[in-house]
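The values are calculated or read from the model by the stated rules, or taken from the named source; none is laboratory data. Nothing here was measured: the structure is a model prediction, and the numbers come from that model. Here the Cβ positions follow ideal geometry from the backbone for every residue, glycine too, while neighbour counts run over all protein chains shown. Note: areas computed on protein heavy atoms with side chains; ligands, DNA, RNA excluded. Shrake-Rupley method; radii C 1.70, N 1.55, O 1.52, S 1.80 Å.
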Amino acid sequence: MKPLLVNRVPSPAGDSLQTSQPVTFTTSSRGGDMKNKRPSRRLSDRPRRRRRRDPTRPDVSIPDLGTTCRWIREDLGFTREEAADAVGFSAVHLGRIERGEREPSLNTLEGIVRGYRLDQAMSAHLHDLAIADIPLAPTHHLRTYVQAEPALAVNLERFQTRGVLAAYIDPMSNVLSRNDLFAEVLIGIDDIGSVPVWMFSEHASTVLVDPDGERSWMIAKVKAALGRHRTSVQAKELVAALAPNSEAQRLWAASVKVSLGRDTRRLLHAHSTDQNRVSYQLSLTDSIVSKHIQLVTATPETYSGPVLD
């Protein structure tokens, strides 16, 4: 494995939330798509119809483009014939895409994004699923590198002195290295090793004020990460760990949404070790050129969560 290069280690004074850039799809004039072209109407421009049947919800699994496109359409409550008016090509062609029998061109994918009026996160997710995934270095290689790099250890200690939880994680949110505060708040994280898996543990139920809300956000984040690194060992291991959990299954099926980051205005509310409550502002920042390693921080603030008895 080639050594990873440190680009710029974020300092406690410069941490920030990672945000994604708008996704632009390059149109194509390939004949295979033009013959299916038809005038499009956005779904929001026509009356919303009641679903004819409950949509089929996939189990916890590594996403693929066809299944995701079908899930989005069913979540909107439209048949293929109704959706065809919005996306601008035939229902037959849409069915082939949803069944994985046809790979859409970028022009076709743009029609789906525009016709369904998808947000930036879902647009990026479909784009990730339409192209080759990003290879991901094994977790133990990343962990060995991070723990052997003095500059990264110093950075974690600086956050510690400021009372900020900090850890280096891979894109699947496996913990590579952390400061003591991170382990003190996320009780049991050293044994579990994975933040998403920890979220569905009994420890998280005790720590989090709103475990259901935090778990829903984590599932949306996991879906995006799985799409981007879907052939990695970490992706397979994470799906295998979450699949047996009934709560993870429920939240996975509850929404098709994906998340690329977290709004800094959305705080995480937790019970502290001294029986008080505290709110944290979360930040996720890429710190390594390869983007295999990310820095996550949680800065404590005065509790501003829901009032509990």
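Before moving on, here are some points about what is shown:
- Whole-angstrom gap from the stretch 164-201 to the stretch 75-133, using each part's C-alpha centre: 36
- Shape category assigned to the stretch 98-210 from the gyration tensor of Cα positions, a/c cut at 1.5: prolate
- 3J(HN,Hα) from dihedral phi, the stretch 199-209, Karplus parametrisation 6.51/-1.76/1.60, rounded to Hz, x for glycine, proline: 4, 9, 8, 5, 4, 5, 4, 7, 7, 7, 6
- With each label modelled as a point 7 angstrom along the Cα→C-beta vector, the Glu101-Thr206 pair spans 5.3 nm.
- At R0 = 41 Å, FRET efficiency that the Cβ-Cβ distance of Val233 and Arg158 yields, to 0.05: 0.80
- Overall form of the stretch 207-309 per C-alpha gyration tensor (a/c, 1.5; a/b vs b/c): oblate
- Given a 1.4 Å probe and the protein chains as shown, Asp286 ends up with an accessible area of around 40 Å².
- Using 0.36 nm per residue and subtracting the Cα-Cα separation, the extra length available between Val92 and Ala151 on full extension is 15.7 nm.
- Multiplying the residue separation of Asp286 and Arg114 by 0.36 nm and subtracting their alpha-carbon distance yields 59.0 nm.
- Per-pair calculated FRET efficiency, R0 = 22 Å: Arg265 and Glu184 via Cβ, rounded to 0.05: 0.30
- Normalised per residue, the accessible area of the stretch 191-242 is 36 Å², obtained with a 1.4 Å probe and no contribution from ligands, DNA or RNA.
- Carbon/sulfur fraction of accessible area - the stretch 182-309, other protein chains in place, 1.4 Å, %: 53
- Gain in span if fully extended, Ser61 to Thr79, counting 0.36 nm per residue against the direct Cα distance: 4.1 nm
- Residue-level accessible surface for Arg162, protein heavy atoms, 1.4 Å, Å²: 120
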